[in-house]
1. Grab the Cα-Cα distance for Tyr104 and Trp251, subtract it from 0.36 nm times how many residues apart they are, and report the gain in nm with one decimal.
2. I need the calculated FRET efficiency for the pair Arg15 and Val197, taking r as the beta carbon distance and R₀ as 41 Å, to the nearest 0.05.
3. Tell me the angle of helix 98-108 to the major Cα principal axis of the chain, expressed in degrees between 0 and 90 and rounded to the nearest ten.
4. Placing unit charges on C-beta atoms (Lys and Arg positive, Asp and Glu negative, everything else neutral), compute the dipole magnitude of the chain about its Cα centre in debye, rounded to 20.
5. Could you list log10 I(q)/I(0) for the chain at q = 0.07, 0.13 Å⁻¹, which the Debye formula gives when each Cα is one point scatterer?
6. Which value in deg cm²/dmol, rounded to the nearest 500, describes the helix-derived mean residue ellipticity at 222 nm for the chain, given -39,500 (n - 2.57) per DSSP H run of n ≥ 4 and division by the residue count?
7. Two decimals is fine: what's Rg over Rh for segment 1-100, C-alpha atoms, Kirkwood radius as Rh?
8. Quick check: at a probe of 1.4 Å, how many percent of the accessible area of segment 20-166 sits on carbon and sulfur atoms?
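The values are calculated or read from the model by the stated rules, or taken from the named source; none is laboratory data. Bear in mind that the values here come from a model prediction, so they are computed numbers and not experimental data. Cβ: placed from backbone, ideal geometry, glycine included. Neighbour counts: every protein chain shown. Note: areas computed on protein heavy atoms with side chains; ligands, DNA, RNA excluded. Shrake-Rupley method; radii C 1.70, N 1.55, O 1.52, S 1.80 Å.
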Amino acid sequence: MPTHREPALRTIGFRKAFGDHVAVDDIHLTVPAGSFYGLVGPNGAGKTTTLAMAVGLLRPDAGSAEIFGVDVWRDTVQAKGLIGVLPDGNAMPERLTGREVLTYLGLLRGIPHDTVAERTDELLQVLELDTAERTLVIEYSTGMRKKIGLAVALLHAPRLLVLDEPFEAVDPVSAATIRTILRRFTGGGSVIISSHVMALVEQLCDHVGVISDGRVVAAGPLADVRGAGTLEDAFVDLVGARTGGTEGLAWLTS
């Protein structure tokens, strides 16, 4: 049985290749229980692949993952019951309304009908999707899809949320609501988000992992990773990113 002493997530030696391209190469990460963990890295660094393997959506070529001590690939049903996931792409039944999606997926998980109805009402209202009661998901904007995806992830009251770019294309008012929900969730649970926005990670997270070229280049408490500067400064130093490089665009100012 999982215990609160176990890390919320531990990945051990993750490796994944697509043809000749190694997307993830020997990744070890430990996410403490109760933490708000940010996973950052350049485009193509391996963040989404790592998270997909960690939650059981993509089988690794090597390595393993544990959710509160439960092996994701040996005890898949138990492990997935502990997590709520907002994956990259966020595919879901599109010919249903938001309420129908939540009702269907809640009942599929075995949650009692009355509980599903009560939680659905609350989630739609808090995430401001109740005004789109009769709108099919296929007609949702990108931001609305993110919000209904978050509602699905929260519906069964998981212990760990794993969210891939949860704030992408979300308006500022909705983003503030989501931040409040996630902060409240860490009162008893744990959250992992991936993001390209360093200021957002710095504002929300207490731990951070930096991935570059499929490897972890830094991980730990936010204060330790960012050092004396900002997280963005540390990120640029860690991944070896180039800044500037606009000398050849003189025609833009001519």
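1. This chain segment gains 47.3 nm when fully extended.
2. Calculated transfer efficiency: 0.90.
3. The answer is roughly 80 degrees.
4. Dipole size: approximately 460 debye.
5. Log-scaled intensity ratios, in q order: -0.26, -0.85.
6. -10000 deg cm²/dmol
7. Over the Cα atoms of segment 1-100, Rg/Rh equals 1.00.
8. For segment 20-166, the apolar C and S fraction of the accessible surface comes to 50 percent.
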